[in-house]
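The values are calculated or read from the model by the stated rules, or taken from the named source; none is laboratory data. The structure presented is a predicted model; accordingly, all values stated were derived computationally and were not measured. Every residue, glycine among them, receives a Cβ derived from its backbone with ideal geometry; neighbour counts consider all protein chains shown. Each accessible area value is taken on the protein alone, full model and side chains, heavy atoms only, with ligands, DNA and RNA left out. Shrake-Rupley method; radii C 1.70, N 1.55, O 1.52, S 1.80 Å.
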Amino acid sequence: MKRLGVNIDHVATLRNARGEKHPDPFYASKFVTKHGADSVTIHLREDRRHINDFDAKKICSQKKILVNLEISMNSEIVKKALSISPNFICLVPENRKEITTEGGLNLKANKKKLKTIIQKFKKKKIRTSLFIDANLNDILISKEIDVDCIEIHTGKLANLVKAKKNYQKEFLRIKKCAQLAKKLGIEVHAGHGLDYKVTKLLCKIKEIKEFNIGHFIIGESVFDGLPKVIKKFKKIIRNN
């Protein structure tokens, strides 16, 4: 069964724009789950541009909600994540000047460090994934450092689809990576730039078990409302 993870970072972005308490990411985590999200994703960035420490701790404390906490390899952030103890961790690259995550982790350059971090989370029985580019060598390294899951960066595919350009080469690259990962016993997730059309396309890759979507869901909800948007994504994921 394919799953939908809803990223609520931009609920915090809206709140922070006014420096007040509304809208509340904690309430958002309960709301999206009530309306069909299988899990909630939050990114505790080093600069705390949206989700802050209080948000992360409060959201992760909920027993009935599965939380996927995205973090960088920063030692202080890793330490904080261990103390918060979410259900899931996704390690992502982080550049302070970026608007959003621009690509996958450099596994080759950070293999030893990543392996050490992954082992820390494994000891606490926290499912851990790596946010990577669609690269077969990165799948092999992911296996070598014993990660539970990989989340394939789908931004390039999404941009090609939205620009109405030929996306077949990128789609096949993602498919081959997903197939290899499954063969090696690694669960496959997908995320970044996903809208209805791109998600429906990626659902053709049976190895992908989880879609993590944030910006489009929050943006589209301005017009259609969160329940309707989540319901539409659930229908796409379950029926394709």
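Structural remarks
- The overall shape of the stretch 15-85, judged from the alpha-carbon gyration tensor, is oblate: a/c is not under 1.5, and a/b is no greater than b/c.
- By the Cα gyration tensor, the chain has an equivalent ellipsoid whose semi-axes, rounded to whole angstrom, run 25, 23, 16 from largest to smallest.
- Where only DSSP H runs of four or more residues are counted, the chain gives -15000 deg cm²/dmol as its mean residue ellipticity at 222 nm, each run worth -39500 (n - 2.57).
- Amide hydrogen proximity for V67: with H placed 1.01 Å from N in the peptide plane, the residues at 5 or more positions away or on another chain lying under 5 Å are V40, N87, F88.
- Averaged over its residues, the chain has an accessible area of 51 Å² per residue, based on protein heavy atoms and a 1.4 Å probe.
- Couplings 3J(HN,Hα) of the stretch 11-22, computed from phi: 5, 5, 4, 5, 4, 5, 4, 9, x, 10, 10, 10 Hz, in residue order, whole Hz [Karplus 6.51 cos²θ - 1.76 cosθ + 1.60, θ = phi - 60°; x for Gly and Pro].
- Rounded, prolate or oblate (a/c below 1.5 giving rounded, otherwise prolate when a/b exceeds b/c) for the stretch 93-185 by Cα gyration tensor: oblate
- Heavy-atom accessible surface of the chain: percent carbon and sulfur, 1.4 Å: 53 percent
- Coupling constants for the stretch 78-84 follow from the phi torsions by the Karplus curve (6.51 cos²θ - 1.76 cosθ + 1.60, θ = phi - 60°), and in residue order they are 4, 4, 5, 4, 5, 6, 6 Hz; glycine and proline get x.
- Each of N239 and Y196 was given a label point 7 Å from its Cα along the Cα-to-Cβ line. The distance between the two points is 1.1 nm.
- Of the peptides 133-144, 116-127, 162-173, the ranking by mean beta-carbon count within 10 Å, highest at the top, reads 133-144, 116-127, 162-173.
- The percentage of C-alpha pairs in the stretch 171-240 whose separation is greater than 21 Å is 27%.
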